Amino acid sequence: MWHRFPSGDRRQPRGAWCKPVYTVTGKTMLARRLPTILPMLGLDESLETTRIYSSVGLMRPGQSIIATRPFRSPHHTTSEAGLVGGGTVPAPGEVSLAHHGVLFLDELPEFNRHTLEVLRQPLEDGVVTISRATATLTFPARLMLVAALNPCPCGYLTDPRRECHCTQRQIRAYMGKISGPLLDRIDIHLDVPAVPYRELRAARDGASSARMREQVQQARAAQADRFGDTRMTNAHMSHRQVKQYCGLDDAGEMLLKQAVREMGLSARAHDKILRTARTIADLEGADAIEATHLSEAVQYRRLDRNLFA
Ligand SMILES: [Zn+2]
């Protein structure tokens, strides 16, 4: 879950005399890059995605197969049917078009709350089931959901360079538009601070997408060994598997207990922290979950604490 960059605010003055200091498309750019660090599509995944796109006529002329992970970013005015699928003759929605790829929801609080609620089932099950009098259809929908929102209605709450004039009440109302149960289903809540444009330009020595993809592939290989299944990932571990594969030492147990108590976390969030910690350990090639992995995973639940404490 990413906060937007302040420059996305159209009220920021623009003109020849005022060079934009912030990058305008930061969060969208980050989200778009996500498929480039995920493992390449396998042939069977490619065929599944291709089948969905050809069923709705979205293949480009001359294109025979979808070979890269899809990236979909529907507008917040998208209807429930547009998002999860539906219609008189049921057609797949954005969640299915993002199958094996990334679904990016920008300005999350602007989406209709009920529309977002219907996302819960596909996020949980990896499929969408649409029932009609004549037939029941099931579309695949295994995707990575990325959503962005401002920390407050004006967007400057966490920005040291600009002053936020929103009241506590306005901020609560704004954040209240997103349902707790949906947030609870998102694994990682991350603050993306505003980055001055020149710093972004200068930051060329970070890990490249190719290097990151290698790390992700290595972590996925560890998961394939663990589960004996190349498609199963840590994110989909059952409660029983979390108990089996996410053992902690005494220090880790204490750290997690304390976090759960202080942040008032749900049982679901508790397991999510362990799944995320397992993945952080896999990315580092570590067999056991260590305290550093766990505390990093705990930090990714910050919206639980801020919104629902
Ligand atoms: Zn504000």
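Side notes on the structure shown:
- Inter-label distance, nm, simple model (7 Å from Cα along the C-beta direction), residue 239/residue 135: 3.7
- The slack between residue 167 and residue 258, meaning 0.36 nm per residue of separation minus the straight C-alpha distance, is 29.7 nm.
- Neighbourhood charge, 12 Å Cβ-Cβ cut-off, centred on residue 146 and excluding it, Lys, Arg +1 and Asp, Glu -1: +2
- Count of lysine pairs in the chain with Cα separation under 26 Å (8 or more residues apart, or interchain): 7
- Of the residues 270, 134, 251, the one whose Cα sits farthest toward the positive end of the charge dipole of the chain, with +1 on the Cβ of Lys and Arg and -1 on the Cβ of Asp and Glu, is 134.
- Pair-distance profile P(r), taking every C-alpha pair of the range 28-163, with 5 angstrom steps and integer %: 2, 10, 18, 20, 19, 14, 8, 5, 3, 2, 0, 0
- Shape call, the range 156-299: gyration tensor on alpha carbons, a/c limit 1.5: oblate
- Summed side-chain charge close to residue 227 - residues other than residue 227 whose Cβ falls under 14 Å, Lys, Arg +1, Asp, Glu -1: +3
- Accessible-area rank, largest first, for 119, 34: 34, 119, with all protein chains present and a 1.4 angstrom probe.
- With contacts taken as Cα pairs under 8 Å at a separation of at least 6 residues, the chain carries a relative contact order of 18 percent.
- Net charge contributed by nearby residues that have their C-beta within less than 13 Å of residue 176 (K/R +1, D/E -1): +4
- Cα gyration tensor, the range 98-168 - rounded (a/c under 1.5), prolate or oblate: prolate
- Pairwise Cα separations in the range 247-309 fall into 10 Å bins from 0 onward with the following percentages, short to long: 23, 57, 19, 1.
- 5 angstrom amide H check on residue 144, placed H, neighbours 5+ away: 101, 102, 103
- Rounded, prolate or oblate (a/c below 1.5 giving rounded, otherwise prolate when a/b exceeds b/c) for the chain by Cα gyration tensor: rounded
- Only helical runs count toward this figure. For the chain, summing -39,500 (n - 2.57) over DSSP H runs of n ≥ 4 and dividing by all residues gives -12500 deg cm²/dmol at 222 nm.
The values are calculated or read from the model by the stated rules, or taken from the named source; none is laboratory data. A quick note: this is a predicted structure, and the numbers were derived from the prediction, not measured. Every residue, glycine as well, gets a Cβ built from its backbone with ideal geometry; the counts of neighbours run over all protein chains shown. Areas reflect the complete protein model, heavy atoms only, side chains present, ligands, DNA and RNA absent. Shrake-Rupley method; radii C 1.70, N 1.55, O 1.52, S 1.80 Å.
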